[in-house]
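Chemist: The structure follows.
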Amino acid sequence: MDPRNELPRPDPRNETPLQRDDRNFLELLQELRVIQMGVQILFAFLLTLAFTARFPELDAVQRGTYITTLLLAVVAAILFTAPAALHRALFRRGAKRLIVDVSSRFAAYGLGVLALALAGAVMLVVDVVLGRTTGVVVAVSALLLAAAVWAGLPLALRRGLTGRDRTAGGGAGQSAGTGQSPGARQPPGTRQTPGTRQAQKW
């Protein structure tokens, strides 16, 4: 079905485009506040880890894992705080729609980097406690779980909603073209005469 022929979806909120952009940006900021709490805890853990008594005992691979994970946490923190800086730079410039779109991309990229940072932190801890092989297995499992919950599940739900909207739009368009409701049927054995069709038009 051609998307251009679909009926416009009603807006139950009765919002103007500017009001919708403001609401979307506020919702995005609420999401980022939840995420930033986890980033701050991870970053604090990594910073204090370097000053523990067992840190000098780490081998080259474990130190490399630590540095990489620390840098990933820094990048994630920068991406998650970028929307605030972007909003401040474009304040009162009439660019709220642009701010929402770019900030949403920053949040998506930040989630990807955060998943790598979490996997690195898990790998480092499990490597020290149980061994390198177990650490790699657990880290890969954590990364796959994050990908499934943060990306796979939302995409699946989004496709389901899109398919449902297309089905509803197709049914509404067919009903509008025939002048009948989707469930209306002609009685069996009934034939429409030209006069009957003309009467139905009116």
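Chemist: Looking at the range 55-150, which trypsin sites (Lys or Arg not before Pro) are DSSP coil and have at most 12 other C-beta atoms within 10 Å of their C-beta? Before the final figure, lay out the partial values.
Modeler: On the way: sites: ARG63, ARG88, ARG92, ARG93, LYS96, ARG97, ARG105, ARG132; in loops: ARG92, ARG93.
Filter output for the range 55-150: ARG92, ARG93.
Chemist: Right, next: Please name whichever of LEU114, PHE91, ALA139 sits farthest to the positive end of the charge dipole of the range 64-174, dipole taken about the Cα centre and charges placed at Cβ: Lys and Arg +1, Asp and Glu -1.
Modeler: It is PHE91.
Chemist: Size of the dipole of the range 42-112 about the Cα centre, Lys and Arg at +1 and Asp and Glu at -1 on the beta carbon, nothing else charged, in debye to 20? Spell out each step's value before the answer.
Modeler: Values: 8 positive and 3 negative charges, 120 e Å.
Value, rounded to 20: 580 debye.
Chemist: Measure off 7 Å from each Cα along the Cα-to-Cβ vector at SER141 and ASP22, then give the distance between these two points in nanometres to one decimal.
Modeler: 4.8 nm
Readers should treat all values here as calculations from the given coordinates under stated rules, not as data from a laboratory. These figures come from a predicted structure and were not determined experimentally. Ideal geometry is used to build each Cβ from the backbone, glycine not excepted, and the neighbour counts take in all protein chains shown.
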